[in-house]
Amino acid sequence: MSRIGKKPVELPKGVTASLSGQTVEVKGPKGTRQFTATDDVNISIDGDKVKVDPRGTSKRARAQWGMSRTMVANLVKGVTEGFKKELEINGVGYRAQMQGTTLKLSLGYSHEVNFEAPKGVTITTPKQTEIVVEGIDQQQVGQVAANIREWRGPEPYKGKGIKYKDEFIFRKEGKKK
């Protein structure tokens, strides 16, 4: 039994939800997002609440129940607050700066890395060693942050590279004589 699936998703003021078949469309101050649920769940809108119920007691239906409810909750959060990932750059000479929609990264390579921000995602650099990725789609924000981090992931000996702000890098001891 899904505990999270039992709880209906509350729609805050300024957010509207519409249902057509298995597709839920949520409109809010930051934009519009939609999610298409599988046939294993029933979705209903009661005033300012969206409720998800399973169709049957199969293992798949129960799994889709909680996942679908969470996806709808993420749509609502995305169009009201948005999602944000913060990255930190550690290393001598490593820096980042925005030029238009292009993120220019100096990461110790013989060339600068140019990363083009996709549509729907905003990248800012408050400092030369900080990158903030924001948007209304949680999956897209996370993927863009992972793609930036991939250029120079943190290494365990000196801790150089790009890491998430709240990430802990397990440090290793170097060679001994």
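A few comments on the model shown:
- Filter result (surrounded by 14 or more Cβ atoms within 10 Å (Cβ to Cβ) and β-branched (V, I, T)) within segment 1-31: V9, V15, V24, V26
- For segment 99-111, the set of residues classified as in a strand (DSSP E or B) and either in contact (Cβ under 8 Å) with a residue 40 or more places away in the chain or hydroxyl-bearing (S, T, Y) (or both) consists of T102, L103, L105, S106, listed by residue number.
- Condition check for D39: in the same structural domain as E10 (by TED's automatic domain parsing), among the acidic types (D, E), touching a Leu at 6+ places or on another chain (Cβ under 6 Å) and surrounded by fewer than 16 Cβ atoms within 10 Å (Cβ to Cβ): no
- Any chance K85 is under 17 Å from N147 (Cα atoms) and at pLDDT 95 or above: yes
- Selected residue (criterion: nearest to E86 (Cα to Cα)) from residues of segment 130-157 that are small (G, A, S) and within 18 Å of the chain's Cα centre (by Cα): A145
- Out of V72, V141, V132, sole residue that is under 27 Å from P12 (Cβ atoms), surrounded by 18 or more Cβ atoms within 10 Å (Cβ to Cβ) and not assigned by TED's automatic domain parsing to the domain that holds T38: V141
- Check on G93, modelled with pLDDT of 90 or more, closer than 24 Å to T125 by Cα, over 24 Å from the mean Cα position of the chain (by Cα) and of a type outside the set (D, E): yes
- Considering residues of segment 116-129 that are touching a helix residue (DSSP H, G or I) at 6+ places or on another chain (Cβ under 9 Å) and buried (at least 18 other Cβ atoms within 10 Å of the Cβ) only, the residue nearest to G82 (Cα to Cα): V121
The values are calculated or read from the model by the stated rules, or taken from the named source; none is laboratory data. What you are looking at is a predicted structure, and each value in this text was computed from that prediction instead of being measured. So basically every Cβ, Gly included, is an ideal-geometry build from the backbone, and we count neighbours across all protein chains shown.
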